[in-house]
Structures are given as C-alpha cells and as structure tokens.
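The values are calculated or read from the model by the stated rules, or taken from the named source; none is laboratory data. Treat the numbers as computed from the prediction; the structure is a model and nothing was measured. Here the Cβ is made from the backbone with ideal geometry for all residues, glycine too, and neighbour counts use every protein chain on show.
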Amino acid sequence: MRKAKLITVMCCISITMFFWLIPPSWGRGPWHWVMTLRQPKIKDAMINPTALYIDPHKGNYYVVDSGKDRLLSFDHKGKLLHIFTAGDELDLPMDMTRGPHGNVWVVEKGKNSLSLIDLKAKKVVRHHLKVDGRKIYPHRVELSGGLFYILDKESGDVFAFTPEMELEKRYSCGDCSQGFIDFKVYKDILLALSMDQGGTIYEFSLDGQLKKRLSLDGRALFPVSVCRGPSGYFYVLDRHDSRVLVFDKQGVFKYGFLEFGSSQGQLYYPIEIRFDPWGRLCVVEEGNARVEVFAR
C-alpha cells in the first residue's frame, strides 16, 4: 500500500515537472488572451469571418463576415457597435479598408470587384479592375499612401492602383509557382507571403524593388497570412496547424504559439493575422467564427 502511494506521488511530481519544463514554443508562449470579437447573439452569430480592418483614428475593429454578407464594427474593448449590410447589397465580401473621407472599400468575391460604399450617397460603386486587358480577381486589399494595393487571386501578384484605378506598381515573387497568398503594407515596405517550399516571406520597398527573401524552412504546414510586429519580427499564421510562427528580422525561427481547438485562446481554421495600434495580435478564425485578440 505504501509502495503504491509512493509511486502515485512520484507520478504526480513527474507530470508537474513536465508541464513546468514545457518550452515557450508550446501553447501560448509569452502571449495571453485578451478578448474575443464576436456577435453576442448566438442566433445571429458570424459565419466565415475572413478579414479584419482596424481604424487607427477611431480605434475601432471592423470584421468582414463573408458568410452573412456584412461588416461588423467593435470598439477597442470588444463591444459590438454596429452591423452593416450596405442595404443587403454586399455579395461575398472578403476584405475591406477605409478611405480618408470615411468611405468603405470592400473586396466582393461575388461581384469580382473592389467596391466603394459611399455612405453619404448610400450607394455601392463597383470597380472591375484590369491589367493589360486581363481581369483582376481581388482577394486582399490595403490602402496606403493614397494607393490601393490589391492581391490578384489568379496571378498571385500584388498591384497598386491610383484612386482613378490606374495601375501604378506591380509586385511579383517571380520564382514561385503559386504567387502570393497574403500581404501587408507598412510605411516603408510591402510584406508578402507565398506557400512555395513550405512558405517564403518577401519584403519589397514600395517602389517595387525586392529587398529580402526569407524561407520558413518548411516549419509551416499551410501558411496563409503574414504581418510584421512592433519589434520588427515576422509573424506567420499556419491555417492547418492552428499556430502562429515567429521569425526574427533575419528569418531565424524563434518560437510558435497557440493550438488547435474551439476554447478561449485556441484556433480553428484561422485565416488572417494583423497587429492593432496597441501592439496586440489579432487572429481571424473562420472555423470558430470569431476574432481572438492576444497581448504579451
């Protein structure tokens, strides 16, 4: 009996020590859950959220709910503010941004357009883009420095258009077969991600010159989104492994965090990541129909 008790105690100690010794690359690492952006009414819950836009001036979050053809706005504490459908005219919205006058621009998959939602006139103006006579199939959009940056789903290239929808720049990986799957624009660079060879990060100057190419060394199963953190580190979202991978400025892997699941702080078919103005990491999840926000 005493021997059995001793074995039980030793097993408990071993298990406790095991969890103490788990490296920070497991679980959430140095990050902790802050809040969840979701529709509080279950019957009206989001379906297939695909993108997040953060207004740097108002400090509000805007979630694109593709499954229900609508946009949802939240304040910086996660409180639902408004649900917007543009008069039920949106058709499979995928991504969005806001212009300097408050107008909303939406990538509509159902219309294959970059659509202007004129809030004052209460109308939707759709732009069907072309390059060299070929249709552009918008997938992601960013607005920076007065230019619209559009990821073309067919070619995998990123195109920069003027407000008059004239082509200004083109960003291409050149040596990858599938093109880019995601990108972000910052003050001085355009950051893009391809899935070739297990994932590669491309860093361009805004004049179109390739400055850096960083391989993920096959650490990601299915990389779908990339962003740059406040410290300059690169964050890559792995959709199939439900993890965020962190690389330093030279592309050296540092750690990974988060895991598969539907509980608070877990991920299920995530699709996009980006940082908010307060240095918090936001993860859009299609599977869990929510946006999870984490802080260090």
Quiz item: Name the residues in segment 223-267 that are assigned to a loop (DSSP other than H, G, I, E, B) and either under 20 Å from Tyr186 (Cα atoms) or under 14 Å from the mean Cα position of the chain (by Cα) (or both), would you?
Solution: Gly229, Pro230, Ser231, Gly232, Tyr233, Arg239, Ser242, Asp248, Lys249, Gln250, Gly251
Quiz item: So which of Leu116, Leu92, Leu71 ends up being surrounded by 19 or more Cβ atoms within 10 Å (Cβ to Cβ), under 25 Å from Ile181 (Cα atoms) and at pLDDT 95 or above?
Solution: Leu71
Practice problem: For Lys79, state whether it is surrounded by fewer than 15 Cβ atoms within 10 Å (Cβ to Cβ) and basic (Lys, Arg). | Solution: yes
Exercise. Tally the residues that are surrounded by 17 or more Cβ atoms within 10 Å (Cβ to Cβ) and of a type in the set (D, E, K, R), restricting the search to segment 49-68.
Key: 2
Quiz item: If you check every pair at least six apart or on different chains, which have Cβ atoms under 7 Å apart with a residue in segment 183-198 that is farther than 10 Å from Glu142 by Cβ first and a residue that is in a loop (DSSP other than H, G, I, E, B) and hydroxyl-bearing (Ser, Thr, Tyr) second?
Solution: Asp196/Ser177
Quiz item: Could you give every pair whose Cβ atoms fall below 8 Å, whose first residue belongs to segment 53-69 and is in contact (Cβ under 8 Å) with a residue 40 or more places away in the chain and within 14 Å of Leu143 (Cα to Cα), and whose second residue is of a type in the set (S, T, N, Q) and part of a loop (DSSP other than H, G, I, E, B), counting only separations of at least 6 or pairs across chains?
Solution: Ile54/Asn60
Quiz item: Which residues, taken from segment 22-46, are assigned to a loop (DSSP other than H, G, I, E, B) and either at pLDDT 90 or above or surrounded by 15 or more Cβ atoms within 10 Å (Cβ to Cβ) (or both)?
Solution: Gly27, Arg28, Gly29, Trp31, Arg38, Gln39, Ala45, Met46
Self-check item: Residue among Val158, Val125 that alone is free of Cβ contacts under 8 Å to residues at least 40 places away in the same chain, surrounded by fewer than 14 Cβ atoms within 10 Å (Cβ to Cβ) and within 17 Å of Asp95 (Cα to Cα)
Solution: Val125
Practice problem: Test Lys130 against the stated conditions and say whether it is touching a strand residue (DSSP E or B) at 6+ places or on another chain (Cβ under 8 Å), farther than 20 Å from Pro277 by Cβ and among the basic types (Lys, Arg). | Solution: no
Self-check item: Residue list for segment 177-190, filter: in a loop (DSSP other than H, G, I, E, B) and over 14 Å from Asp152 (Cβ atoms)
Solution: Ser177, Tyr186, Lys187, Asp188
